[in-house]
Every structure is written in C-alpha cells, then in structure tokens.
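Everything on this sheet refers to the single structure shown next.
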Amino acid sequence: MATRTWRYGLTANILVLGVVSLLTDFSSEMIIPILPFYLILALGANALIVGLIEGTADAVVAFMKVVSGRWSDVAGSRKGFVEAGYGLSTVMKVLFPFAAAWPQFFGMRIVERLGKGVRDAPRDALLTESTPADARGKAFGFHRSMDTAGAIIGPVVTLGLLALLLPVWGEAGAYRLIILAAALPAAVSFLCVSLVRERRRAAVRQPRLRVSLSRVPRSLRLFIAIASVFSFADFSVAFLLLRVTDVGQATVVAILLYVLFNVVYASHAFPAGILSDRVGRRPVILVGYAAFVVMAVLLAATPNLVTLALGFVLYGLSYGMAEGTQRALVADLAPPESKATVLGAYHTSTGFVKLASGLVAGALWVLVVPAATFWFGAVVAAVAAGMLFLWRPPVMSSISGQGPPRPA
C-alpha cells in the first residue's frame, strides 16, 4: 500500500474553504469585541438592546442551519448557497459602520446572520464531498484550525487599529473605521469562494421537512431539553465584555481578555473531542457547564482584573468542552435514518432559547444591576448541570464498533 503524505485528504477545495474561513473569522472577530461598545456609544443602545440584537442573531442562524442544507440538497448544488451566504454577510459588514442608530444596525445584523445561516450547512456538505471518507476528520480539523486562526488574528488586529485610531478619531469614530476595515477580509473571502470547484449533482426530491423529536429516544429528548436550559443560561459574550468596562477597566483590556478567551477555547475544543471519545460525552459536557457556573459567580461577586481574567479563561474552557461535545452526543444518540432532522431540532431548540437568554440578561443588567445578569447565568447553568448529572444516558458501543460498550 502506498504511503500517504501529510497532504492526503487536503484537496484544493479543502484548502480554499480553509482560507475562506480564516478570512471570514478574521473579519468577524475584528468586530465582535468592540460591538457592544459601538452599539452603546455610537448608536444609542443599552445592554437590553445589545441582548436583543445578539439573541435574535443567534436565533436566526439556528433556524437557517435547519433549512439551508436541505435547500442545497434539493437544488443539487452547494456552491451557490455558499457564495450567497458569504456575499450577503460581506455586504452587511460594509454597511455596518454607516448605521445612524441601533434599529438600523439591528436590521443589518439580522441580514448578516442570515448569510451565515445560509452558508454553513452547504459549506460543511462541500467539505464532506471534497475529501475521501477516511480523511474527513482531518479535513474538518484543518478547516477548524483555519477558522480558529482567524478568530485569534481578528481581535489582535483590532487592538492595533485602536491604538492608531483612538487618538485621532475618538472612540465612536475609531469603532466605525475598524468595522469598515473588517469588511476587507470578508470581501476577499467572498472572492475566494469562486475558486471552489463543485461537481454538479442532480436535483433530488425531499420529503416534507420535519423538525420534530416525537420519534427519537426519550433519553435524547431529555438531553436536548437539558442543552436548551444551558443555552438559556449562556448569554452573549457581549455581556462579559461590558462587565470588564463596567468595573472600571479599559476597552483595550476587554479586547485582550477576549483574545484570551479565544485562545483557551481553541486549545481545548479538539482535545475535548478526543477525551469524550474515551470517557464519554457527559463528563466532558459537565466540566463545560461547571466552568460556566464558576465564571458567572466570579464575574458577579468579585470582578477585579484577576477574576476577570480567570472568568474569561473559564468561559473559553466552557465553550471548548461543551459546544462540540453536545453536538457529538446528539449525533451519537440520533437514529441513523433521522440524524439530520434531530440535529436540526437540536439547533432550533438551543438557538431560539438564545433570544430569551439575551433579553433576560439585558433586562437584568438595565433594570436591576449588572451583577444580576451573571447570577442569573450561574443559577440556570447550575440547574442544567444538575439535570445532566441526573440524566441517565444509554450505553453505547465503542466508536470503532470493536471495543467494549461505553457510556454516552
């Protein structure tokens, strides 16, 4: 058998889509760490409006993930949806800095998130179809690593631009210019999508779309309910950034802590997946839930620079341990004939809860005190952790099918 090189499975499409993902996350992560400050300082929003905008944005992405993959199956083409999604997001990023008030930005943000929802599932299908079956894990891992690199580069570039622009343009002006600059890598990523080569497939008829859990195992329905409770607790990272400045730290400190969050998240996501293959999904997810609880308590009770840094580390650990592992557990337990439907229902349930989460977190911030937002997150996440601890998953066969049974 011929020896495989390290490039095996990394086809031209995989490389192009990796570069596209790097540039897109580079663009998005230039914006995210300054977004709540831009909304409040330049557009007249408050924390409640920030929660409404980001919660709605998460819900829109969740809904579109359910339908966009199906649309690309029916059309017999992925690339058109990927191009449309990246193009829509790019146009909105160009318009972001020209919003005169938060309602205008709200509409732009929803359309920009529609773009993300439209592209994600067809892009993942393109990744799957562009590499041999025995190299798909490698291909997705490469794609995720490129995505992560962009997520770290973006806020670092924002820090550098802030240092240059703040003395001349002030905060509001600097934020607008940085957001405008973020449209450049987004535009390049959109142009790169044209380099993807897709083999045209015949359009197929699909049965009526059902996003239902009525025919899945009870244990899986319970887990999706638990994950939705945790999603209700898991408010937007915007509130962590606002908390940094709320306790007297500079915006630059908030952005540095956001970089720290991304580094911790990136460094734990892949090992968490490997660990969950060995010890089961539930213990790994429990660690993620517990990390979120401790983070929320720290930021509610003792928000000094040390506890803020520790809180962002724990938040990155929570995301790294729980996010991908939850999806893997749903895929493990879903019946083979309805995996896509069940994953769609999972995304819908956890995504739409984000809207309520953002509204509650923002209302507590504005109407009570900022610390109440974090106490809310800590209590609800603790409830989710307790539910997961009591949940009894079915015993599953090993990943390879040859080892002893393992718990979920």
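Each residue, Leu222 and Val379, gets one label point 7 Å from its Cα in the Cβ direction; the gap between the two is 2.5 nm.
Convex hull volume of the C-alpha atoms in segment 14-194, normalised per residue: 103 Å³.
Tell me, what is the FRET efficiency for Ala331 and Val306 to the nearest 0.05, using R0 = 45 angstrom and their Cβ-Cβ distance as r?
The formula returns an efficiency of 0.70 here.
Over all other residues within a Cβ to Cβ distance under 15 Å of Ala361, the charged ones net out to -2, with Lys and Arg as +1 and Asp and Glu as -1. Subtracting the Cα-Cα distance of Asn46 and Leu359 from 0.36 nm times their residue separation leaves 111.5 nm of extension gain.
For segment 216-393, what is the per residue volume of the convex hull drawn over the alpha-carbon atoms, in cubic angstrom?
Values: hull volume 18.3 nm³, N = 178.
Taking only Cα atoms, segment 216-393 has a hull volume of 103 Å³ per residue.
Straight-distance candidates among the aspartates and glutamates for linking to Lys116, with alpha-carbon spacing under 13 Å and chain neighbours fewer than 8 residues away dropped: Asp25, Asp58, Glu83, Asp124.
Helix screen, the chain: DSSP H segments with Cα axial length of 20 Å or more and mean Kyte-Doolittle hydropathy at least 1.6 are 281-301, 370-390. Rounded to the nearest 20 debye, the dipole magnitude of segment 216-393 is 380 debye, with +1 charges on Lys and Arg beta carbons, -1 on Asp and Glu beta carbons, and the Cα centre as origin.
Dipole magnitude for the chain: about 1440 debye, using +1 per Lys or Arg Cβ and -1 per Asp or Glu Cβ, origin at the Cα centre.
Under 12 Å from the Cβ of Phe190, count the other residues' Cβ atoms, weight Lys and Arg +1, Asp and Glu -1, and hand me the total.
On the way: positive: Lys93, Arg119; negative: Glu83.
Neighbour charge sum, excluding Phe190 itself: +1.
Modelled this way, with points 7 Å down the Cα-to-C-beta line, the labels at Trp391 and Arg199 are 3.8 nm from one another. Taking 0.36 nm per residue of separation and subtracting the Cα-Cα distance, what length does fully extending Val252 through Leu184 add? Answer, rounded to one decimal: 22.2 nm.
Between the C-alpha center of segment 176-192 and that of segment 251-274 there is a gap of 23 Å. Considering only Ala345, Leu260, Leu22, and ranking their Cα positions along the charge dipole of the chain that arises from unit charges at the beta-carbon of Lys, Arg, Asp and Glu, the one farthest toward the positive end is Ala345. Cβ-to-Cβ counts within 10 Å put Lys354, Lys79 in ascending order as Lys79, Lys354, the fewest first.
Every number here is computed from the coordinates shown, using simple stated rules; none is lab data. The structure presented is a predicted model; accordingly, all values stated were derived computationally and were not measured. Because the Cβ atoms are built from the backbone with ideal geometry, glycine has one as well, and the counts that use them run over all protein chains shown.
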